[in-house]
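The block underneath contains the structure these notes are about, expressed in structure tokens.
The values are calculated or read from the model by the stated rules, or taken from the named source; none is laboratory data. It should be emphasised that the depicted structure is a prediction, and the values quoted were computed from it without experimental measurement. Cβ placement follows ideal geometry from the backbone for every residue including glycine, while neighbour counts extend to all protein chains displayed.
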Amino acid sequence: MVVDEVRPDGLREPAMGWVCVLVEHDDTGFLGVHYNPLRRSGLKTVFTRTFILSIKMGDSEAAWSNFSLAPENEPLVSIVIPTHLRAPKLAATLAAIHAQDYENAEVVVVATPDADTERILRTPLCDELDATVVVQETSGVSEARNIALEYATGDIVAFTDDDCVPPPDWVSGIVAVFDAYDVVTTGGMQLPHERVYNRFPARVDESRILRNQLPHRRDRDDNGVAVGGMELRTFATSNVAYRRTAIEETSASFDETLHRGEDATFQRTVLEAYPEGNAFLPIPVWHNRDYTLRQFLDQRYRNGIAESGTPDGRSFMGSIAGIALAPLLLARSIHREDSLSTAICAWIGDVTARIGVGVGTLRN
């Protein structure tokens, strides 16, 4: 067995501003992670034989955000994390949650049985978080979130994913928005982590998110916050929070029959009762996925299949027309993106999603 205490420059000594994570591994791969609680800011690093996660807690206030609100109250916040077969990335997520600058929070992890995940959840890091761990026998993410809602006791319920890294002011920012605005839900973007930003799918994903999710229809205020409804597209459960009272009043739950779009359906249920009760949160979380081309195309295909079953998704005829006019789509992509290679990657992803819509429609 080897125990590594790793810095990004390869040195063994802890660096200022880094959180040290001890990772155990042998010839078979990942064994466990141990968190050093004495260093709670800066960078989170997890290295193993088969996984390399350089988790940088960068500035959450991006260039387009002037967010400076601070919480006026300290309600209990429940942080929900469903997880399935992502042990090393879950360790990074938990380390990021531990580094939050807001203290009155509880963590609810719903995990499918998996030896590596169980080792993560038995580490001192998880003990310090005093996380509620619920074992889920099946792997449905909607079911996992519904289970978590049964265990969450906070006045605010915040959702993130097991491959995301929220910045240290994520929870306090959520609370501050609820304090300052008369809303029942708030959410923001998930942007690719800088460790994978050199990959074309990551750049395409960021461009798509900035184009589709960053609210354009309404002016954001001096804090970078916009208030509205579903058009703000803040429903992604990697970075969204709800007032518990709104969930209970609307009997909102995640549709366990859907493979995609369950997060939008959940938020739509809440906002039907509160049409202007949504706020854009200008604090992104960092998406720690690998962004391989195969993963990117698989996601776009599955997104297309999911869109085929929703009223707000692309139409079958529109998708077929787009495939037939693929050269025009390429020209549009070249106009939108900042490089030819990124434009081609985005174009391939768009065509793949349209194929998914067609396949999904025929299946239905």
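The figures follow:
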quantity	calculated
Residues (without any contact (Cβ under 8 Å) to a residue 40 or more places away in the chain and within 20 Å of the chain's Cα centre (by Cα)) located in the stretch 137-157	Ile147
Flag if Gly173 is surrounded by 20 or more Cβ atoms within 10 Å (Cβ to Cβ) and under 30 Å from Thr342 (Cα atoms)	no
Of the criteria (1) without any contact (Cβ under 8 Å) to a residue 60 or more places away in the chain; (2) in contact with a helix residue (DSSP H, G or I) (Cβ under 8 Å, 6 or more places away or on another chain); (3) not hydrophobic (A, V, I, L, M, F, W, C), which one Glu118 fails	(2)
Condition met for Asp127 (in a helix (DSSP H, G or I), out of contact with any Ser or Thr (no Cβ under 8 Å at 6 or more places or on another chain) and either closer than 28 Å to Asn278 by Cα or in contact (Cβ under 8 Å) with a residue 40 or more places away in the chain (or both))	no
Residue in the stretch 38-50 that is surrounded by fewer than 21 Cβ atoms within 10 Å (Cβ to Cβ), modelled with pLDDT under 85 and either closer than 23 Å to Gly154 by Cβ or of a type in the set (Val, Ile, Thr) (or both) present	yes
Elements of type helices (runs of 4 or more DSSP H) contained in the stretch 250-358, each with 1 or more residues being buried (at least 19 other Cβ atoms within 10 Å of the Cβ) and of a type in the set (Asp, Glu)	262-273, 293-307
The stretch 139-167, residues that are surrounded by fewer than 20 Cβ atoms within 10 Å (Cβ to Cβ), out of contact with any strand residue (DSSP E or B) (no Cβ under 6 Å at 6 or more places or on another chain) and outside any helix (DSSP H, G or I)	Ser139, Gly140, Thr153, Asp155
Cβ pairs under 6 Å, 6+ apart, first in the stretch 279-290 and in the same structural domain as Ile79 (by TED's automatic domain parsing) and farther than 15 Å from Glu206 by Cα, second among the basic types (Lys, Arg) and part of a strand (DSSP E or B)	none
Residue within the stretch 85-104 that is in contact with a His (Cβ under 8 Å, 6 or more places away or on another chain) and either charged (D, E, K, R) or closer than 29 Å to Ser251 by Cα (or both) present	no
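Quick grid of which residues meet (1) at pLDDT 80 or above; (2) over 15 Å from Phe296 (Cβ atoms); (3) assigned to a helix (DSSP H, G or I); (4) not small (Gly, Ala, Ser):
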{"residue": "Val183", "(1), (2), (3), (4)": "yes, yes, no, yes"}
{"residue": "Arg195", "(1), (2), (3), (4)": "no, yes, yes, yes"}
{"residue": "Pro215", "(1), (2), (3), (4)": "no, yes, no, yes"}
{"residue": "Asp219", "(1), (2), (3), (4)": "no, yes, no, yes"}
{"residue": "Gly224", "(1), (2), (3), (4)": "yes, yes, no, no"}
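Rundown of residues vs (1) within 16 Å of the chain's Cα centre (by Cα); (2) acidic (Asp, Glu), yes/no style:
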site: Thr83; (1), (2): yes, no
site: Ala95; (1), (2): yes, no
site: His98; (1), (2): no, no
site: Asp101; (1), (2): no, yes
site: Ala105; (1), (2): no, no
site: Thr112; (1), (2): no, no
site: Pro124; (1), (2): no, no
